[in-house]
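Trainee: One structure, as structure tokens, below. Some questions next.
The values are calculated or read from the model by the stated rules, or taken from the named source; none is laboratory data. Treat the numbers as computed from the prediction; the structure is a model and nothing was measured. A quick note on method: Cβ atoms are made from the backbone with ideal geometry, for glycine too, and the neighbour counts reach across all protein chains shown. Remember, those area values only see protein heavy atoms, side chains included, never the ligands or the DNA or RNA. Shrake-Rupley method; radii C 1.70, N 1.55, O 1.52, S 1.80 Å.
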Amino acid sequence: MFSFTAHPYPKSESFKEIFVSSLGAGIAVYLFLIIFQPFGTENFQHPYKFVLLFPYCIIFGTAFLMANLITSRFSNWNIGSELLKITFILCTGSILSYFYNSLFLSHVKLDIVNYFYMFLYTLAVGIPISIIYILSRYIYLKTIHEKKARNISQHLPVSPPAERQNLLKISAQNTELVMNKKDFLCVQSMENYCTFYFLENNSLQKALIRISLTNALQQIETGSVKKCHRSYIVNLGRVKKLKGNAQGYKLILPEVDFEIPVSRSFIPSIIPQLQKQNL
């Protein structure tokens, strides 16, 4: 169970995505109420019944918007984090819905028992909608990322493009590392150290240097040598395959035995660069 909740899950980052998702969540709740009319809603008679139900759309859309704006600042998002966010949305929505229903619709006194019923109603409506949202978003992102990754991978060059010899030089304290740009593969950061992967006489070599990834990037960044993740710098000219999943993309370099992740914040700069290599 705990290993499942630790699985990475793509969180919403752009305001446009957050706003559209929030609007969709509010509309989904409203449609559920007017179509199925659960919890005695069908017995509620009023000439403006559907108008009076519309604030529930605003309540849950606003709760969804607030939760996503708050969590957009967090990193290392996973399924457990997403479930906690959904729980926060349902609790917030149930509280606001309770006050709206008690003060403006039912005109009953505020009571903890009445709130408990509202909380159960909220779970009954919110859990199915939340499950549909989580699964559909995961499948949608996985599908579009896999499709784009396949299209790009089919056209990536089999061998690095021919170019004049370019030297990359890394200096840190009393250490200096020099290599041809075409032989450079990637950098992996671990706290205050970076491991440089490169080829020497077509053999994989590794060099561990005490240097920050930011400092390393300042020394070796070029048109094809880019940072793609908070822990990785990669030579895009050496990428032979691109994999896509719901979290985003991973770069495949056949010379190394691990996949290099592309953070969602770097997708707008990394993916177009790979597509340009196809031309």
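Trainee: What's the FRET efficiency of Asn215 with Asp257 using the Cβ-Cβ distance as r and R₀ = 25 Å, to the nearest 0.05?
Mentor: Step by step, r from the Cβ atoms, then E = 0.45.
Trainee: Another one. Can you check what the net charge comes to around Phe266, using other residues whose Cβ is under 10 Å from the Cβ of Phe266 (Lys, Arg +1; Asp, Glu -1)? Walk me through the intermediate numbers first.
Mentor: Values: positive: Lys226, Lys227, Arg230, Arg264; negative: none.
Taking every Cβ under 10 Å from that of Phe266, the sum is +4.
Trainee: If each residue of separation counts as 0.36 nm, what is the full-extension length gain between Leu120 and Ile27 once their alpha-carbon separation is subtracted? Please report the intermediate quantities before stating the final value.
Mentor: Details: separation 93, 0.36 × 93 = 33.48 nm, distance 2.00 nm.
That pair, Leu120 and Ile27, stretches by 31.5 nm at full extension.
Trainee: Considering only protein heavy atoms and a probe of 1.4 Å, how much of the accessible area of the stretch 200-268 is carbon and sulfur, as a whole percent?
Mentor: Of the solvent-accessible surface of the stretch 200-268, carbon and sulfur hold 44 percent.
Trainee: Quick one: if you stick a label point 7 Å off each Cα along the C-beta vector at Thr143 and Cys91, how many nm between them?
Mentor: Distance between the two pseudo-spin positions: 3.4 nm.
Trainee: In Å², and per residue, what accessible area does the stretch 192-237 have when probed at 1.4 Å with the other protein chains present? Intermediate values should be presented prior to the final figure.
Mentor: Details: 2260 Å² over 46 residues.
Result: 49 Å² per residue.
Trainee: Let me ask something additional. Report Rg/Rh for the stretch 170-213, rounded to two decimals, where Rg is the Cα radius of gyration and Rh the Kirkwood radius.
Mentor: 0.96
Trainee: Could you give the DSSP H helices of the chain that reach 18 angstrom or more along their long axis (alpha carbon positions) and whose average Kyte-Doolittle hydropathy is no lower than 0.0?
Mentor: 15-36, 49-71, 79-100, 112-153
Trainee: What FRET efficiency would be calculated for the residue pair Met66, Asn202, taking the C-beta separation as r and a Förster radius of 45 Å, to the nearest 0.05?
Mentor: 0.25
Trainee: Compute the Rg/Rh shape ratio of the stretch 83-198: radius of gyration over Kirkwood radius, all on alpha-carbon atoms.
Mentor: When Rh is taken as the Kirkwood radius, the ratio is 1.38.
Trainee: So how much slack lies between Glu42 and Ser171, counting 0.36 nm per residue of separation and subtracting their Cα-Cα distance, in nm?
Mentor: 39.1 nm
Trainee: With a bin width of 5 angstrom, please list the P(r) values of the stretch 136-279 as percents of all Cα-Cα pairs, from the 0 bin to the one holding the largest distance.
Mentor: Reading upward from the zero bin: 2, 10, 20, 23, 20, 14, 8, 4, 1, 0, 0.
Trainee: Give me the number: length gained by fully extending Ser231 to Phe15, i.e. 0.36 nm times residue separation minus the C-alpha to C-alpha distance, one decimal in nm. List each step's numbers first, then the result.
Mentor: Values: separation 216, 0.36 × 216 = 77.76 nm, distance 2.52 nm.
Fully extending the segment from Ser231 to Phe15 adds 75.2 nm.
Trainee: Same structure again: Tell me the label-point distance for the pair Ser75, Glu191, using the 7 Å Cα-to-Cβ offset, in nm and rounded to one decimal.
Mentor: 1.6 nm
Trainee: Return the single residue from Ile211, Ile70, Ile134 with maximal mean-square fluctuation; model: Gaussian network over the chain, springs between Cα atoms under 10 Å.
Mentor: For the chain, modelled as a Gaussian network with Cα springs under 10 Å, the answer is Ile70.
Trainee: Take the Cα atoms of the chain, build their convex hull, and give its volume per residue in Å³.
Mentor: Expressed per residue, the convex hull around the Cα atoms of the chain is 160 Å³.
Trainee: Please go through the residue pairs Lys11/Lys226; Lys11/Lys109; Lys148/Lys227; Lys16/Lys206; Lys142/Lys276 and name each one whose alpha carbons sit more than 32 Å apart in this structure.
Mentor: Where the Cα-Cα span goes over 32 Å, the pairs concerned are Lys11/Lys109; Lys16/Lys206.
Trainee: A further question follows. Using protein chains only and a probe of 1.4 angstrom, how many square angstrom of Phe104 are accessible, to the nearest 10?
Mentor: Surface accessible to solvent at Phe104 totals approximately 130 Å².
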